[in-house]
Structures are given as structure tokens and as C-alpha cells.
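Data first, discussion second: the structure below is written as C-alpha cells.
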Amino acid sequence: MDGISGIRHGISDDWSSDVNIGLMGRFYTATGVIDDKNFSTKYKGLSLSLKKNASSIIYGFRGSLCKFFTDGKTNAIDFTRLDLLQTIEKLKKELYVDPEKTEIRSFEYCVIIKCPFNVDYLKNSILTHKRKNYSLLTEKGKEFGFIFKHQRYHFKIYFKDFQEKKEWSNRLKIEVAIKKMIFVDGLGIKNLSDLTKELVWEKLSELLFKLWNEIVFVEKDNYAIEKMRPHEKTKFQCFLNSNYWSNLELLNDKNFYKAKQRLEVLNTKYLIRESGKDIISKLLKEKCLELIKSGEKLTCFEKFIEKDDKRVFNHLDNRFISTLNLNKEKNKIVRPCKNIFCQNELTSIRRNVMYCTNECRIDYYKTLSRIKKKLFGYATKK
């Protein structure tokens, strides 16, 4: 949890009378009129605003909960659910915030991991996210991350050390910024108090993990290209081009997801080592569990990633049989060759294949012709 935006309606003016908050009003130099209805200030990483109406007072705050938790010093920390509970108590004490009455307008959920790759490697490997191309995050001409701008949310991947101007240690921040609350309508997040629930954190971790898995990640140097067939090499060269995925956006969803399935087949057959996307996925799972809670009891998110872990392929099996489906392999129906003089087990997974070799097929029809000629006097029906 990091950035947040919320409002609260009240009757009494709690902020104006507090010297520590230090609200500032507006003065129009052209007319000399003082605006006594709108006030604002910055306080420990939060931007505060106060608007007085005829019937009520609207309190607004926007900024980083992590910075507020550290008294405005930094937001490059592992902000856990327990830290959020302490932060809310601090908001109550210093800013008179009632979490039950504070409506959330937008927020960010993020995880910081120690990434084994640099920004150039990720730039060459990450191609698209849900058919959206990324925009580079830069500072003083140097690239330090990527952002995918969707209508209801932004998905950001960037190195926090560069932003903090500290010694480079490859701390990668993966973040989903909720811009419209309808995107998380099913999670039951309305007020600030809802963000303290453990189940909400688990669902947000599940959402972040799903968004990461929807990235198209292709590592050019991690494929045994020399073993590919000619048509697979042609398709692989298309997959390396980000414009290929952008053009699929102009077509229907079926073509896009079909291309992703073909890429998964190439990953299964020709990956040399573990994919960088899978490595980051494992680090992401571990960090999400660490931020939510610690204990032996299985949580909702643990069950989700346990289920997700079962969807793996055996990279040494050219028939793409999952290592966790060996029981199905043992209980499968054995199909013999149609040639009665052969009867070998068919190795092909295609249902329309009836012969183990082409020689068996030729021998079967020769034998059938001889039998028909002996019985009817001709090899084929007249």
C-alpha cells in the first residue's frame, strides 16, 4: 500500500484550529479578495485540502501512506498490513481522520522485491500488457521503469533505488494504481477502514499477481532457436516485435490469446533456463505473503498461488503433459495400431491417427485388397 486519495465530510473545523497542520488560504492579487472557503497544505507526505460549504466541510487528503508513516522521509519500505494499522491510528491522532467515514477515491497497492535483472534486460523482454504498450519512466534522461496506462488502472514496474537516488541494489517496485474504484468493486473497498482487512490485502495481492502474469515476456537469449522448426522460427521472430502485439489489438481478442498460447508452447519446448518472468513471480508471491501476515494457517492468497503453481509444464516432455497429470497419463486408453499384424500402441495424441507408421497403413490396405479379391473376385466394390 502506498499512494491514496480520500475525502471526508464533517461539520466541525478540526484542521484550521491545529497549528501543527498549518492550513494556508488563498489570496487573489488581481482583486485583493481573500478566499476563506478553500485551504490547503502539505503534511508529512500528504497533500491536505479543506473546502467549506454552506452545509458541511469537505476534508481531502492525497499522497503516500508510507511517507506519512515515516514522517515524510521515504516510501521505499516494505509497508505491511500491520504498518497500515499503525498509520491509521496516527491519522486519527494527528489529522482527526475517522476511517469509517473517510471515502477512498483512489489508491495504490505495491510490492518491492530484490530483482536479479536490470532495467535494460526488462526493457528488451517486456513487450505488452493486455495489448497495451508501455511508456518509459525517465528522470534526467535515464530510464528506470515502465507504466501501462489502462482506463481504470495503471500498472507500473520501476526500480525504486534510482528514484530514491541511492546506491543501486535492484529493488524493483511492482505497483497497481487504482484510478477508478469500479475496477475493485468486487473487493468491498469503500472506506479507509476496509483497507485494514486481511482478506482485502489477500485479494489485492491476487490481483497484482494476475496483472503481472498477463505481461507478455519474451527473452530472446533464453531460447534454443537452432532447435526450432522453420515455421516456429518465423513465428518467434514475430513474437519479438512489439508492433506485432500492437497490431493484434486492432483484431479481436481471439487472435491475441491464441498468439499467447503459441508463445507458451515455444516456452515449453525451447526455453534454456527458467524464465525471468517466473523468477519474478516467485519473488512476488513470497513478498505478498510476507506483507499480509505470518503464520501456519493457509490464507486465501496462499490457496490461490498454490492452485496457480499446479499449472506448470514439464519442459522435457514434447507432448506438453503436465508433471502433475501423471495419473491421467497412467489411466489413459491405449489405442492399438489398426493393422492386425502390428497392434503396436499409437504414440500420437491426434485422434484421427490409426496407424503407427506409413508402412503399416500400406500393408493394411494390401491385406484388405487380397482378402476382398479372394472372397468377391475383386479388390474394390463395383
- Query: Does any residue in segment 30-41 that is small (Gly, Ala, Ser) come within less than 9 Å, Cβ to Cβ, of a residue that is open to solvent by 80 Å² or more (accessible area, probe 1.4 Å) six or more places away or on a different chain, and which pairs are these?
  - Reply: SER40/MET24; SER40/ARG26
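Among the listed residues ASP98, ASP78, ASP35, which satisfies the condition of being at pLDDT below 85, part of a loop (DSSP other than H, G, I, E, B) and open to solvent by 10 Å² or more (accessible area, probe 1.4 Å)? Break it down into steps so the answer makes sense when it comes.
Working: ASP98 fails: at pLDDT below 85; ASP35 fails: part of a loop (DSSP other than H, G, I, E, B).
After ruling out the rest, the residue left standing is ASP78.
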- Message: Can you say whether LYS114 is of a type in the set (D, E, K, R) and open to solvent by 70 Å² or more (accessible area, probe 1.4 Å), as far as the supplied structure shows?
- Response: yes
- Message: When you check GLU226 against the structure, is it open to solvent by 50 Å² or more (accessible area, probe 1.4 Å), modelled with pLDDT of 85 or more and closer than 22 Å to GLU264 by Cβ, yes or no?
- Response: yes
- Determine which member of the set GLU214, GLU206 is within 25 Å of GLN151 (Cα to Cα), open to solvent by 10 Å² or more (accessible area, probe 1.4 Å), among the acidic types (Asp, Glu) and out of contact with any strand residue (DSSP E or B) (no Cβ under 7 Å at 6 or more places or on another chain). GLU206
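With respect to ILE371, is the statement that it is in a helix (DSSP H, G or I), modelled with pLDDT of 70 or more and open to solvent by less than 80 Å² (accessible area, probe 1.4 Å) true?
Numbers: in a helix (DSSP H, G or I): yes; modelled with pLDDT of 70 or more: yes; open to solvent by less than 80 Å² (accessible area, probe 1.4 Å): no.
When the stated conditions are applied, ILE371 does not pass them.
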- Message: Just to check your reading of the model, which residue among PHE79, PHE69 is without any contact (Cβ under 8 Å) to a residue 40 or more places away in the chain, under 24 Å from LEU291 (Cβ atoms) and touching a helix residue (DSSP H, G or I) at 6+ places or on another chain (Cβ under 6 Å)?
- Response: PHE69
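For (1) open to solvent by 70 Å² or more (accessible area, probe 1.4 Å); (2) under 21 Å from ALA76 (Cβ atoms); (3) in contact (Cβ under 8 Å) with a residue 60 or more places away in the chain, each residue gets a yes or a no:
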| site | (1), (2), (3) |
| --- | --- |
| LEU127 | no, no, yes |
| GLU143 | no, yes, no |
| TYR153 | no, no, no |
| LYS190 | yes, no, yes |
| ASP194 | no, no, yes |
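State whether the residues of segment 158-176 include one that is under 20 Å from the mean Cα position of the chain (by Cα), more than 21 Å from ALA76 (Cβ to Cβ) and open to solvent by 50 Å² or more (accessible area, probe 1.4 Å).
Within segment 158-176, the first condition is being under 20 Å from the mean Cα position of the chain (by Cα), and the residues that meet it are 158-160, 170-176.
Imposing the further condition that a residue be more than 21 Å from ALA76 (Cβ to Cβ) reduces the set to none.
Scanning segment 158-176, I find no residue that is under 20 Å from the mean Cα position of the chain (by Cα), more than 21 Å from ALA76 (Cβ to Cβ) and open to solvent by 50 Å² or more (accessible area, probe 1.4 Å), so the answer is no.
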- segment 39-81: number of residues that are at negative phi, of a type in the set (Lys, Arg) and over 28 Å from the mean Cα position of the chain (by Cα): 4
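Condition check ((1) at pLDDT below 85; (2) of a type outside the set (Lys, Arg)) across all residues:
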site: ASN124; (1), (2): no, yes
site: LYS130; (1), (2): yes, no
site: ASN133; (1), (2): yes, yes
site: GLU139; (1), (2): yes, yes
site: HIS154; (1), (2): no, yes
site: ASP161; (1), (2): yes, yes
site: ILE189; (1), (2): no, yes
site: SER193; (1), (2): no, yes
site: GLU202; (1), (2): no, yes
- Return the residue satisfying two criteria in turn: it lies in segment 229-254 and is in contact with a helix residue (DSSP H, G or I) (Cβ under 8 Å, 6 or more places away or on another chain) and either farther than 17 Å from HIS129 by Cβ or open to solvent by 60 Å² or more (accessible area, probe 1.4 Å) (or both), and of such residues it is modelled with the lowest pLDDT. GLU249
- Note on the structure: Those residues of segment 60-75 that are open to solvent by less than 30 Å² (accessible area, probe 1.4 Å), more than 21 Å from LEU199 (Cα to Cα) and at pLDDT 85 or above come to a total of 6
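If I filter segment 1-32 down to residues being open to solvent by 80 Å² or more (accessible area, probe 1.4 Å) and in a strand (DSSP E or B), which single residue comes out as nearest to ILE104 (Cα to Cα)?
That would be HIS9.
The values are calculated or read from the model by the stated rules, or taken from the named source; none is laboratory data. No experiment lies behind these values; they were computed from the predicted model shown. When we count neighbours, we look across all protein chains shown, and the Cβ atoms used for this are built from the backbone with ideal geometry, even at glycine. Just the protein is used for accessible areas: all its heavy atoms, side chains included, with ligands, DNA and RNA removed. Shrake-Rupley method; radii C 1.70, N 1.55, O 1.52, S 1.80 Å.
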